[in-house]
Amino acid sequence: MIKIQNINKKYGEIEALKNINLTVSAGELFGLIGPDGAGKTTLFRILTSLLLADSGTATIDGLDAVKDYKELRRRIGYMPGRFSLYQDLTVEENLSFFASIFNTTIKENYHLIKDIYQQIEPFKNRRAGKLSGGMKQKLALSCALIHKPRVLFLDEPTTGVDPVSRKEFWEMLKKLQAQGITIIASTPYMDEAILCDRIALIQAGQILSVNTPQDIVKNYQNKVFALKSGNNYQLLETLRTNPAVSSAYLFGEYLHVTFCDNIVPENISENIEIQEITAGIEDCFIELMTEP
């Protein structure tokens, strides 16, 4: 459904994308996972025909992102990272406007957005600018779906949204996927990676790995230990100067640490809580980032 070949993009001297190659299958829920500035938004803008790549090609649903951009825009839905609907229009007016652009109506495609729109329909006469973050998110998704797209692009759709709304949003995506819509979503949240069929880890404009979340974790070779002390910041500084430590990073109230040859030095465990844990997507991502 989506095929990206050797895409490159620069902003001045900054390489935003470096030789990106990806494929996304029809009906797949695909995640583009990486921190701010990794190149996610630039790639989405290229795929949705809003930005030209310096080199390389991209096809979506058999259409070239450059040559066939007019037809492509009829077949895709795009929800940008920043709320971009008309703040002075009501919920219903925004949805009607986007439906009219694609020569359809809310009534004609209501079945597509019913589960989502019903949650905000009681507020259909409220101006979009007065909605909460979670309600804005649902309205933006409804507007992206109202013309029955074959492919849906979601650029960091849950950034700044409360945990409950984030969970509800991903449940909605699963329902949309069940209707046959191909979805590619970007996110900086590693915990959302496991909700995707496959993911691409991206950093500094480069794809580090493409696989299922389960296989990325399965292929992780190191043992990970969770450490905690009375002063984690001081412990972190100490560990990073220890030649026996391969990596050490803060993860909430714990440090995630790997050791050379997976052996914990005897003097490390003094007055420190330590336990071996199962590696997560974050641990895999950090290892890939630090590989030479």
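Is it fair to say THR59 is farther than 23 Å from LEU43 by Cβ and surrounded by 14 or more Cβ atoms within 10 Å (Cβ to Cβ)? So that I can check it myself, show each step before the final result.
Numbers: farther than 23 Å from LEU43 by Cβ: no; surrounded by 14 or more Cβ atoms within 10 Å (Cβ to Cβ): yes.
Answer is no for this residue.
Suppose the filter is surrounded by 15 or more Cβ atoms within 10 Å (Cβ to Cβ), of a type in the set (A, V, I, L, M) and either touching a strand residue (DSSP E or B) at 6+ places or on another chain (Cβ under 7 Å) or at pLDDT 95 or above (or both); does LEU47 pass it?
Values: surrounded by 15 or more Cβ atoms within 10 Å (Cβ to Cβ): yes; of a type in the set (A, V, I, L, M): yes; either touching a strand residue (DSSP E or B) at 6+ places or on another chain (Cβ under 7 Å) or at pLDDT 95 or above (or both): yes.
For LEU47, the condition - surrounded by 15 or more Cβ atoms within 10 Å (Cβ to Cβ), of a type in the set (A, V, I, L, M) and either touching a strand residue (DSSP E or B) at 6+ places or on another chain (Cβ under 7 Å) or at pLDDT 95 or above (or both) - is met.
Looking only at residues in the range 204-218 that are out of contact with any Lys or Arg (no Cβ under 6 Å at 6 or more places or on another chain) and assigned to a strand (DSSP E or B), which one is nearest to LYS9 (Cα to Cα)?
Step by step, filter the range 204-218, then rank; the result is ILE207.
Which members of the range 246-290 meet the condition of being exposed (fewer than 13 other Cβ atoms within 10 Å of the Cβ) and assigned to a strand (DSSP E or B)?
Those that are exposed (fewer than 13 other Cβ atoms within 10 Å of the Cβ) and assigned to a strand (DSSP E or B): LEU250, GLU273, GLN275, GLU276.
Which residue out of ALA144, ALA185 is under 30 Å from THR105 (Cα atoms), touching a residue at least 60 places away in the same chain (Cβ under 8 Å), surrounded by 22 or more Cβ atoms within 10 Å (Cβ to Cβ) and touching a strand residue (DSSP E or B) at 6+ places or on another chain (Cβ under 9 Å)?
ALA185
Being within 22 Å of the chain's Cα centre (by Cα) and more than 23 Å from LEU32 (Cα to Cα) is true for just one of GLY205, GLY252, GLY180. Which residue is that?
Testing whether each residue is within 22 Å of the chain's Cα centre (by Cα) and more than 23 Å from LEU32 (Cα to Cα) leaves just GLY252.
Does the range 115-145 hold any residues that are part of a helix (DSSP H, G or I) and of a type in the set (Ser, Thr, Tyr), and which are they? If you could, list the steps in order and put the result at the bottom.
Just the residues of the range 115-145 that are part of a helix (DSSP H, G or I), to begin with: 115-117, 121-123, 128-130, 133-145.
Scanning the range 115-145 gives TYR117, SER142.
So, in the range 75-103, exactly how many residues are surrounded by 15 or more Cβ atoms within 10 Å (Cβ to Cβ) and not hydrophobic (A, V, I, L, M, F, W, C)?
Residues flagged as surrounded by 15 or more Cβ atoms within 10 Å (Cβ to Cβ) and not hydrophobic (A, V, I, L, M, F, W, C) within the range 75-103 amount to 10.
The values are calculated or read from the model by the stated rules, or taken from the named source; none is laboratory data. All values derive from a computational prediction rather than experimental measurement. Neighbour counts run over all protein chains shown; Cβ positions are idealised from the backbone, glycine included.
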